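Just below is one structure, and these are the notes that go with it.
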Amino acid sequence: MTKLEKAVRMAISRVVAIAIVVIIVVAAVAGVYLYTLLTSQKIPQMTLAPTSYEVIQGEPINFTFYNLIPNTIIVLHTGDGNTKNVTATSSQASIVYTYQNGGHYLVYADEIQNGKIINSTFNSLIQIIVTPTLNKDISDKVSIPTIGFNTTKNPDAPIVPVNNTVISYEENPMIGGAGDSLFYWWVKG
């Protein structure tokens, strides 16, 4: 074998070795891509929808969850320090909750699978307004206060010239009627 034949044979060996390495690398990358594509589960974005954004204290409100993965646990954070759980049996689930106190509450939910949060509505909090109810003992004593003016001392009231003293009073039925609270104030120019 001549030197030329040996050099040609060596060059062909190198080209074949490089081609085999390239084929193996391309096959490995394609295999990892296909494995990832076939085994990764696209998680649908869970949504949370209350039946109403306003409710009266002591009355139930229904929260419905959509786009769930079956057999996951849904945890509703009610905004008043409580949580309620339900296991999703389909792509939809509901929780009924009753607020014991009036106020404004920020609500969100987590979807949990195998002990890990896979979905949450934390980035889109929902505000629930709970209107308080009054018991009978106090409800008949609550009213809108009325402001009255002493027209003897303020004959032009409620129109008052600048730099004059104004004497008014508040009628408050819880204290006993007109004239309960006198207010002195001035209109400055």
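Exactly one residue among THR83, THR78, THR87 is at pLDDT 95 or above, over 20 Å from the mean Cα position of the chain (by Cα) and within 25 Å of ILE43 (Cα to Cα), and that residue is THR87.
Could you identify the single residue in TYR108, TYR97 that is assigned to a strand (DSSP E or B), in contact with a Pro (Cβ under 9 Å, 6 or more places away or on another chain), closer than 27 Å to THR131 by Cβ and in the same structural domain as ILE129 (by TED's automatic domain parsing)?
On the way: TYR108 fails: in contact with a Pro (Cβ under 9 Å, 6 or more places away or on another chain).
Criteria check complete, one pass: TYR97.
Report, by residue number, each residue of segment 111-134 that is within 17 Å of GLY58 (Cβ to Cβ) and outside any loop (DSSP other than H, G, I, E, B). Scanning segment 111-134 gives ILE128, ILE129, VAL130, THR131.
I'm checking my understanding of the structure. Among residues of segment 60-94 that are within 14 Å of VAL130 (Cβ to Cβ) and of a type outside the set (Val, Ile, Thr), which one is surrounded by the most Cβ atoms within 10 Å (Cβ to Cβ)? Before the answer, list the steps.
Restricting attention to segment 60-94, the residues satisfying the condition of being within 14 Å of VAL130 (Cβ to Cβ) are 60-61, 63, 78-82.
Filter once more, keeping what is of a type outside the set (Val, Ile, Thr): 60, 63, 79-82.
Working: PRO60: 10, PHE63: 22, GLY79: 19, ASP80: 15, GLY81: 7, ASN82: 12.
Filtering first and then ranking leaves PHE63.
In segment 107-125, what count of residues is obtained for those that are acidic (Asp, Glu) and free of Cβ contacts under 8 Å to residues at least 40 places away in the same chain? Residues flagged as acidic (Asp, Glu) and free of Cβ contacts under 8 Å to residues at least 40 places away in the same chain within segment 107-125 amount to 1.
The values are calculated or read from the model by the stated rules, or taken from the named source; none is laboratory data. Since we're looking at a predicted model, the values are computed, not measured. Backbone-built Cβ (ideal geometry, glycine too); neighbour counts: all protein chains shown.
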